[in-house]
Each structure stands twice: as C-alpha cells, then as structure tokens.
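The structure under discussion appears below in the form of structure tokens.
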Amino acid sequence: MQKLLFTLLLIIAGLVCGYLLQRFIRKNIEHHQLLLPRLRKSLQVFSMLGIMPIAFVGVLWIVPFGDLRVALLPVLAGVILFSGGGLGLLAAALLKKSSQQKSTLFCCGFFTNIGSFGGLVSFVFFGEKGFALLAMYRLFEEIIYYGIGFPLARYLASDDTDLRIGRRILELFRDPFFLVASGSFLLGLLLNLVGVNRPPFYETLNSLFVPIGIFLLLVSIGLGMRFSNIRQHLRLGLAISLIKFIILPLVGGTAGYLLGLHNMMDGLPLKIVLIAASMPVAFNALVAASVYDLDLDLANACWLITTCGLLVVLPWLYFLFSLI
C-alpha cells in the first residue's frame, strides 16, 4: 500500500506544483507566453538529458536477459500503440467527427504517457528490474511516435497524400533526446552483456534519480495543464478513457499471456505490459494538435480526463498485481 500511496502522491504533487507555478507566472509575469514554454523545455531537458540517462544505464546494467522473449516487449508496444490509434479512429468514425477531430482522436488513442507515468509506476511497484523492462518496452517508442505517429496525424487532418515518414525518421536521428536515450540504452545493455559488475552505490543513486527525474517531468506537464472546455468534450474524453484503461490493457494482457510473458521472472514482463498499456494520453497529443491545427481543446480534455483517471487505474493495477 505504501508503494501505491507514494506513486499517487508523487504524481499529484508534480502536477499540482506545475499547475500552481503556471498560474503564478500567468498572473505575475508580463511575458508569460514566452516564459512558460521555455521553462517546460528546460525542465524536460534537465530531466531527460541529465538525470534519466544515468538511471537508464544503471537499470539496464543489471536486468537479466536470459529469456529471449524479453525482446518481444518493444514489438508488443508497437501493437498496443497502433491499436490505440486505430480505436481512436474507429470512435471518430462511429461518432461521425470532422477530419480535425478524427486526427485528434487518433492522437489521443495513439500517444501514451509511458515514460513519466509508466516509468514511475514501474519503478515504485517493481524496482529497477521493472524500470529496466519498461525501458526495453519503449525501445522503438520515439521512432514510432515521430517517424509514424506525427506524419499520420498530419495526413489524417489534411488532403496531403505525402506522409513524409522517411524524412521524419531522418530528422529523429538528429534529435538530442532520441540520441541520448538510445545511447544510454545501448551503453547499459553493453555493460550487462559484457559482464561488468555494477558499483554498489548505483542502486542508491537510482532510488533518488528516478523519482526526481520523473517529478521534474510531471512539473513540466503541470505547466501546460488547462481546465477549459472539459465539459464540452466529456463524452469523447470518456470514450478515450475506455480505450486507454479497458480495451488496450485487455489487448496487451492477452497478447502478453499468449506469448508466455507470465512464465518469465515471476510474471514481471506481463505486469510491465499491463502498466504501459494502461497509461493515459501523452502530452505529445497536444503537441500534434497544436502543430497541425487540430482540435486542441479536445486533445486537452482527453489528456486531462485520462490523467485524472489514474486515480482509479493505479489502485486497480495495485490490486490486480497482488493477485497474479
């Protein structure tokens, strides 16, 4: 129970701190439109380029890779992400939404907050091994998001038939976030396979770095929170919640079980899949909505509703994991 309470408190504290700071800046600083994006970016850079790579190296250094079925985790991630996007499009078709809203619902179903929320839950619930398996699960996440997800969002909202996926993938390989994350993953994996012993202090280091790094990411998310027009899009927000919190965990859990992930490491890989498949809409959905002139209010509503839905989802996952 302490793990559940710590996770919920850290998520709430990070989001609330970010939101209150946003309100203070909007009220007291004249050029807040320029300051807020810069502050969000600075927090993300410090966390994702400074703190989290050290943690990634440490956890991948010790995770056991004896069973090759672990390599199926990033494949499962792709299946779940594309299933979410497809279900978002299906919801838009059933509800007869415009092309802008269709693309927005695709983004909300597709983009998932695996990194900050999923990373925190995996680490607090299951320690470094859980966090390492989540890193393996996320192996192709950036390529899928920026190489396929963003071009598809643009394509669905316009008459342009040029997806430009190849160009987006080439641009991705110049992105410092992608390069640092990939480099830390490969370094940790190399140290693991070579058999170098990890220094004893690294466990203590990660026990501090992972919560601090994720807390900073949560504060950056809180800096972008907006509560306007939630009621107007409540129905669609609940539809996305159904996809995120019920259908996708069923898809991921069933696929993971059929692949035998429950027979590995006391079922830890299957539990990580369930965590990742149960996470809310990622902030990338709002980025895509803003960049491609989609329905930004709808994206914000779905993002906020599903983020608040974690207050129900996390206790359910904690209870479920106590049974399996």
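The values are calculated or read from the model by the stated rules, or taken from the named source; none is laboratory data. All values reported here derive from a predicted model rather than from experimental measurement. As a convention, Cβ positions derive from the backbone with ideal geometry for all residues, glycine included, and neighbour counts pool all protein chains shown.
Do we have any residue at all in the stretch 48-70 that's out of contact with any Gly (no Cβ under 8 Å at 6 or more places or on another chain) and over 23 Å from Gly127 (Cα atoms)? Checking the stretch 48-70: not a single residue is out of contact with any Gly (no Cβ under 8 Å at 6 or more places or on another chain) and over 23 Å from Gly127 (Cα atoms).
Annotation note: Cβ proximity below 6 Å between a residue of the stretch 5-32 that is free of Cβ contacts under 8 Å to residues at least 60 places away in the same chain and a residue that is basic (Lys, Arg) (sequence gap 6+ or interchain) occurs for His32/Arg26.
Each residue in the stretch 96-134 was checked for being more than 17 Å from the chain's Cα centre (by Cα), part of a helix (DSSP H, G or I) and among the small types (Gly, Ala, Ser), and 3 of them qualify.
Yes/no matrix, rows are residues, columns are (1) closer than 27 Å to Ala91 by Cα; (2) at pLDDT 90 or above; (3) among the polar types (S, T, N, Q); (4) out of contact with any Gly (no Cβ under 8 Å at 6 or more places or on another chain):
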| site | (1), (2), (3), (4) |
| --- | --- |
| Ile214 | no, no, no, no |
| Ile230 | yes, no, no, no |
| Ile243 | yes, yes, no, no |
| Ala289 | yes, no, no, yes |
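Cβ-Cβ contacts under 8 Å between residues 6 or more apart (or on different chains), taken from a first residue in the stretch 111-133 that is under 19 Å from Ser83 (Cβ atoms) and in contact (Cβ under 8 Å) with a residue 40 or more places away in the chain to a second residue that is hydroxyl-bearing (Ser, Thr, Tyr) and part of a strand (DSSP E or B), are listed as Gly118/Thr112. In this structure, Gly127 does satisfy being over 21 Å from Ile247 (Cα atoms), crowded, with 16+ Cβ neighbours inside 10 Å and not charged (D, E, K, R).
Would you please name the residue that is surrounded by the most Cβ atoms within 10 Å (Cβ to Cβ), looking only at residues in the stretch 151-161 that are at pLDDT 80 or above and in contact with a helix residue (DSSP H, G or I) (Cβ under 6 Å, 6 or more places away or on another chain)? It comes out as Ala153. None of Phe117, Phe177, Phe82, Phe111 is at pLDDT 85 or above and surrounded by fewer than 18 Cβ atoms within 10 Å (Cβ to Cβ) except Phe82.
Of Arg168, Arg138, Arg164, all but one fail to be at pLDDT below 80 and under 28 Å from Leu189 (Cα atoms); the exception is Arg168.
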